[in-house]
1. Please list, by residue number, everything in region 24-52 whose backbone N is under 18 Å from a paramagnetic label point 7 Å out along Cα→Cβ of residue 248.
2. Hand me the chymotrypsin sites (Phe, Trp or Tyr not before Pro) from region 71-120 located in a DSSP loop with no more than 15 other Cβ atoms within 10 Å, in residue order please.
3. Please compute the net charge surrounding residue 142, taking Lys and Arg as +1 and Asp and Glu as -1 over other residues with Cβ under 10 Å from its Cβ.
4. From the Cα gyration tensor of region 225-347, with a ≥ b ≥ c the square roots of its eigenvalues, which class applies: rounded if a/c is under 1.5, or else prolate if a/b is larger than b/c, or else oblate?
5. Measure nothing fancy, just the Cα-based angle from helix 255-281's long axis to the longest principal axis of the chain, in degrees from 0 to 90, nearest 10.
6. Give me the percent of the accessible area of the chain that comes from carbon and sulfur atoms, probe 1.4 Å, all protein chains in place.
7. Please work out how much length the chain gains when fully extended from residue 163 to residue 202, using 0.36 nm per residue of separation minus the C-alpha to C-alpha distance, in nm with one decimal.
8. Step through the table entries 183/325; 34/334; 247/325; 183/229; 292/334, compare each Cα-Cα distance with 31 Å, and write down the pairs that go over it.
Amino acid sequence: MNTALKTAAVGALAALTASSAMAGGTIRFGHDNKTDPFENPAHACTAVFQNIVTADTNGSVTVEVFGSNQLGTAAEHVQQVRDGVIQATLTSTGALASYYPRIDVLNLPFAFANNASTYSVFDGEFGETLAADIEDALGDVVVLGFPDTGGFFAVTNSQRQIANLEDFDGIRIRTMTLPSHQKIVQALGAEAYPLSWGEVYSGLQTGVIDGQMNPVPIISFANFAEVQKHMTLTNHLFSPYTFMVNKAFYEGLTEAEQNTLHTAAESCVTASRGLSRIIEASDRGLAGLMDKIEVTALSAEQRAAMAGATQPAFEAHVAENLDAKAGELLTLFKSEVGKANDASYLD
């Protein structure tokens, strides 16, 4: 090779190496919550992620957060990430279900004994298996974690105190459009009434529905205590976000930048959990609701009775409507939840 050609080749290789080392780019991050990191777990998560990614990459990767559905609905965010229109989102189980039906296995009712158990399960073998299966099934995303949406679900209603199975009889409870949620409510003895989120408050106000189910912080933020008289801390569902990024964008980053995304995502998940617990304990959560609505906590025996009524119905739903892989995931989920529930802190 003559000197001129060699110089050109070396120059081209140097340019390619420099391009690889400076991959970088901008992450457009869409979610459906308000953009106040002190008000909701979703934006606490994205704000922490944004800060760490920008700082630790020296600005080679930047993050632009678009909350409050500025870029579309939660379900649309999933498709936008897959298409590369945006690069990241936090998606609920309901929004993800149309793309990945197996996410429904997370709706096993009355599964977890406490919040610590949820952390153990989603940070451990089950979380890793679920993330890998989502990535394999969709083919165009990378899953970075499972942030907290606000904690365990509670049930509110305008009719009566709910403490036992028979108390659910005849009460019309709003659910997401997830069939599993409807099966769970029906197994409790109530009437399931699927309704879009934007219609829930007015539905409660006008009596179209008697009640609804959501994490305590959401019940507080939505001002449901204005139109509800009773709240039962059923803790029957825990439904995390799935934090996903566009695969092509991720693979275009340098290895160091990819590592930073994982580190930032881990802190994002931690922030979502911490803020959820703080909100629950503050005047924005349970403490703020105590004087506005009658609150009932269930005993272990009452929860066990409700679990006995709902879990068989849920498992039959999975067996009848989802595939064999979903069955395998549910089996692993139950096993890991059992281990987590039996574990003692620092034991």
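The values are calculated or read from the model by the stated rules, or taken from the named source; none is laboratory data. Note that the structure is predicted; figures quoted are calculated from it, not measured. With ideal geometry, Cβ positions are generated from the backbone for all residues, glycine too; neighbour counts draw on all protein chains shown. Accessible surface is based on the protein model in full, side chains and every heavy atom, while ligands, DNA and RNA are left aside. Shrake-Rupley method; radii C 1.70, N 1.55, O 1.52, S 1.80 Å.
1. 24-30
2. Answer by residue number: there is no such site.
3. -2
4. oblate
5. Relative to the chain, helix 255-281 is tipped by roughly 20 degrees.
6. Heavy-atom surface of the chain belonging to carbon and sulfur, 1.4 Å probe: 51 percent.
7. The residue 163-residue 202 span can extend by a further 11.5 nm.
8. 34/334; 292/334
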